[in-house]
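Worksheet: the structure to be examined is printed underneath.
The values are calculated or read from the model by the stated rules, or taken from the named source; none is laboratory data. Computed from a predicted model, the values in this text were never measured in an experiment. Using ideal geometry, Cβ is built from the backbone for each residue, glycine included, and neighbour counts are taken over all protein chains shown.
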Amino acid sequence: MIVSASRRTDIPAFYSDWLLNRLQAGYVLVRNPFNPLQVSRVALDPGVVDCLVFWTKNPAPLLPRLDEIDRLGYPYFFHYTLTGCDRILEQHLADLDTRIAAFRRLSERIGPERMLWRFDPIVLTPTLDPGHYLRAFAQLAQQLRGCTRRCTISFLSVYAKCKRNLAGIGLLPLEDSEKIRFIRGLAALAARFEIELCACCDPLLTEQCGIAAARCIDERLVADILGQLVRIKKDSGQRPGCGCAASIDIGAYNTCPHGCRYCYANVSPQVVARNHAAHDPQSPLLTGVLNGRETITERRMASVCSPQGRLF
């Protein structure tokens with residue numbers, strides 16, 4: 001099984017001690033985000049967890065623990081988000097030079113194939129126009145050349161939470177023809193710096209711009225990391241057009257203190273602050289405690305490695 005850590009929050013940045021405690025304990029409890037009284041017990045035995053997928057904007061707190069994760073026997077790769085957004089949208093992130101340095105340091109540690117750059121979301125405003133993003137992408141791609149092989153892009157999806165948090169920003173609509181011209185410019189820059197550009201859940205970009213459809217949780221990459229054939233079903237719980245393989249996410253919504261205003265995972269800073277304060281690194285839950293009314297169900301887990309054997 002593939003374990004995602006996590007689309008819902010930045011575990012490497014804020015919950016690395018908790019993560020290591022859960023890996024050592026061999027299990028984690030995860031609340032159903034739509035029904036908090038339903039809790040899954042997810043086994044974290046390396047015998048069934050074939051790969052960990054980390055999603056982060058700041059891996060620095062987890063870097064000193066990677067040797068430990070290696071010793072425990074967990075393969076892994078990273079999605080690292082570096083966008084072209086400004087401080088209005090990303091108020092609490094470290095300065096850009098620090099984040100680029102962390103990207104390069106992590107790439108040196110695990111290799112560029114396991115470092116997937118995310119230049120998303122692209123949030124268009126009167127000051128963050130296509131020209132701004134082309135310049136930002138060129139600067140980032142130049143500094144990340146050789147540190148990654150792939151970059152995933154997407155335009156902002158304006159969910160209800162995003163709409164509230166982005167009030168007053170002045171989102172800029174683009175005609176399809178303008179989007180296509182812009183994305184072709186990004187693709188040309190990516191090619192110059194030897195980076196493959198992929199589009200996340202956007203048929204316009206794949207069909208009209210020739211951008212590859214992203215597989216953020218990519219069974220091909222997992223197979224390469226393991227050196228072994230894998231069999232993983234498509235993730236039926238994701239958006240239409242998503243190419244991801246099935247995984248189990250061990251994060252929780254409304255727990256990421258980065259506070260990026262475009263984030264779909266946080267309803268408000270107040271809720272995040274309350275949940276973050278309720279975090280206990282020793283707890284099997286990411287935040288809060290069991291209240292005795294939950295139904296706890298053992299999640300069925302199995303290795304995705306094919307019995308046919310190794311790739312090489």
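Overview of results
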quantity	calculated
Of all residues making up segment 248-269, the number that are of a type in the set (S, T, N, Q) and at pLDDT below 95	2
So ARG22, is it assigned to a helix (DSSP H, G or I) and surrounded by 15 or more Cβ atoms within 10 Å (Cβ to Cβ)	yes
Pick from segment 116-139, criterion in contact with a helix residue (DSSP H, G or I) (Cβ under 7 Å, 6 or more places away or on another chain) and part of a helix (DSSP H, G or I), ranking: surrounded by the fewest Cβ atoms within 10 Å (Cβ to Cβ)	LEU134
Selection count where residues are more than 17 Å from GLY237 (Cα to Cα), surrounded by 17 or more Cβ atoms within 10 Å (Cβ to Cβ) and either free of Cβ contacts under 8 Å to residues at least 12 places away in the same chain or not aliphatic (A, V, I, L, M) (or both), scope segment 28-60	8
Scan of segment 236-251 for residues that are assigned to a loop (DSSP other than H, G, I, E, B) and in contact with a helix residue (DSSP H, G or I) (Cβ under 7 Å, 6 or more places away or on another chain), ordered by number	GLY241, GLY251
In segment 169-220, residue nearest to LEU156 (Cα to Cα) [restricted to those that are in a loop (DSSP other than H, G, I, E, B), at pLDDT below 95 and of a type in the set (Val, Ile, Thr)]	ILE169
Verdict on ASN266 being under 25 Å from ILE88 (Cα atoms), within 15 Å of the chain's Cα centre (by Cα) and polar (S, T, N, Q)	yes
Residues satisfying the stated conditions in segment 161-207, i.e. of a type in the set (Gly, Ala, Ser), in contact (Cβ under 8 Å) with a residue 40 or more places away in the chain and under 19 Å from ALA141 (Cα atoms)	GLY185, ALA190, ALA199
Residue list for segment 190-208, restricted to those being within 16 Å of TYR133 (Cβ to Cβ), among the hydrophobic types (A, V, I, L, M, F, W, C) and surrounded by fewer than 19 Cβ atoms within 10 Å (Cβ to Cβ)	PHE193
Residues of segment 156-168 that turn out to be surrounded by 12 or more Cβ atoms within 10 Å (Cβ to Cβ) and outside any helix (DSSP H, G or I), as a count	5
Sole residue being under 26 Å from PRO121 (Cα atoms), out of contact with any Asp or Glu (no Cβ under 6 Å at 6 or more places or on another chain) and among the small types (Gly, Ala, Ser), chosen from GLY288, GLY227, GLY292, GLY241	GLY241
Residue among ARG71, ARG105, ARG65 that is within 27 Å of GLN228 (Cβ to Cβ), exposed (fewer than 15 other Cβ atoms within 10 Å of the Cβ) and of a type in the set (D, E, K, R)	ARG71
Residue that is closer than 29 Å to GLU90 by Cα, surrounded by fewer than 15 Cβ atoms within 10 Å (Cβ to Cβ) and of a type outside the set (A, V, I, L, M, F, W, C), where the choices are GLY259, GLY292, GLY241	GLY241
Residue in segment 32-77 that is farthest from the chain's Cα centre (by Cα), counting only those that are in a loop (DSSP other than H, G, I, E, B) and of a type in the set (Phe, Trp, Tyr)	PHE34
All positions within segment 223-274 that are over 18 Å from ALA5 (Cα atoms), out of contact with any Lys or Arg (no Cβ under 6 Å at 6 or more places or on another chain), touching a residue at least 24 places away in the same chain (Cβ under 8 Å) and polar (S, T, N, Q)	SER268
Count of residues meeting criterion [within 14 Å of ILE250 (Cβ to Cβ) and either among the hydroxyl-bearing types (Ser, Thr, Tyr) or touching a strand residue (DSSP E or B) at 6+ places or on another chain (Cβ under 7 Å) (or both)] in segment 27-39	7
Matching entry among ASP176, ASP86 (being closer than 22 Å to VAL267 by Cα and of a type in the set (Asp, Glu))	ASP86
